[in-house]
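One structure below.
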Amino acid sequence: MIDFVSKRYLFFLLSALVILPGVVSLILPGGIHPGIDFTSGSILTLRFAQPIEQSELRQAFADLGHPEAIVQRSEDVFLVRTYPLAAEVRDAEGNVVQPSERQSIEQALAQRFGGVEVVGFDSVSPIVATEIVQRSVLAVLAACVGILLYLSFAFR
């Protein structure tokens, strides 16, 4: 039988050696890349009639005013993440004064690369993203309190 209690400091040290590098990697830049649910933004899933390169599409988005766009290729579709795209602007009578940024991007990409199909479009506003972050933090805190209450009850 192994006496775990007498070796507890060794196990504390081993736990710290595993946990500390993980915490440091989360804190350093490049550690966590949250999705648009937490940061707000838009995701376009695009399919082109002709084959194009990922770098060409990235440059096209930079030319359209979105140098922050993250372009990922998955077989025959591209997944493009950007800051939130502006909605269309209407006047007092309800007429469209300026089309939405999404429509402008679609038209510009169609002119530049030929046929483009928007397979999917998702957008999360900054207000919703902030609310999701707040509720996620509260959920984690509630889970921690629940675990502590359970442990204190189980090992009393």
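The values are calculated or read from the model by the stated rules, or taken from the named source; none is laboratory data. What you see is a predicted model; the values in this text were computed from it and never measured. Cβ placement follows ideal geometry from the backbone for every residue including glycine, while neighbour counts extend to all protein chains displayed. Surface accessibility is based on the protein's heavy atoms, side chains included, excluding ligands, DNA and RNA. Shrake-Rupley method; radii C 1.70, N 1.55, O 1.52, S 1.80 Å.
Give me the dipole magnitude in Debye, nearest 20, for the chain about the Cα centre, with unit charges on the beta carbon: positive for Lys and Arg, negative for Asp and Glu. Intermediate results must be reported in sequence, preceding the final value.
Working: 11 positive and 16 negative charges, 199 e Å.
That gives the chain a dipole magnitude of about 960 debye.
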(message) Tell me the per residue accessible area of the chain using a 1.4 Å probe; a whole number in Å² is fine.
(response) 73
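Give a quick list of GluC sites (Glu not before Pro) in region 11-75 that DSSP marks as loop, anything other than H, G, I, E or B, with at most 15 other Cβ atoms within 10 Å.
On the way: sites: 53, 56, 68, 75; in loops: 53, 68, 75.
Within region 11-75, the qualifying GluC sites (Glu not before Pro) (loop, at most 15 other Cβ atoms within 10 Å) are 53, 68, 75.
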(request) Note down the nm distance, to one decimal, between modelled labels 7 Å out along Cα→Cβ at residue 145 and at residue 108. (result) 4.8
(request) Rounded to the nearest 10 degrees, what's the angle between the helix 8-27 long axis and the longest principal axis of the chain, both from Cα atoms, 0 to 90? (result) 10
(message) Quick check on packing: order 80-93, 127-140 by the mean number of other C-beta atoms within 10 Å, highest mean leading.
(response) 80-93, 127-140
(message) Probe radius 1.4 Å, ligands and nucleic acids ignored: give me the carbon and sulfur share of the accessible area of the chain as a rounded percent.
(response) 63
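Please give me, ordered by residue number, the chymotrypsin sites (Phe, Trp or Tyr not before Pro) of region 73-156 that lie in loop per DSSP and have at most 14 other Cβ atoms within 10 Å. Show your work: numbers first, answer last.
On the way: sites: 78, 113, 121, 150, 153, 155; in loops: 155.
Hits after loop and neighbour filter: 155.
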(request) Among 120, 150, 77, flag the residue with its Cα farthest along the positive direction of the charge dipole of region 41-156, charges on Cβ as +1 for Lys/Arg and -1 for Asp/Glu. (result) 150
(request) Would you indicate which of (1) 8.8; (2) 16.3; (3) 10.6 is the value of mean projected area of the Cα convex hull in nm² derived from the coordinates of this structure? (result) (2)
(request) Any chance you could give the angle, 0 to 90 degrees and rounded to 10, that helix 101-113 forms with the longest Cα principal axis of the chain? (result) 70
(request) Compute the acute angle (0 to 90°) between the alpha-carbon long axis of helix 126-154 and the principal axis of greatest extent of the alpha-carbon atoms of the chain; round to the nearest 10°. (result) 20
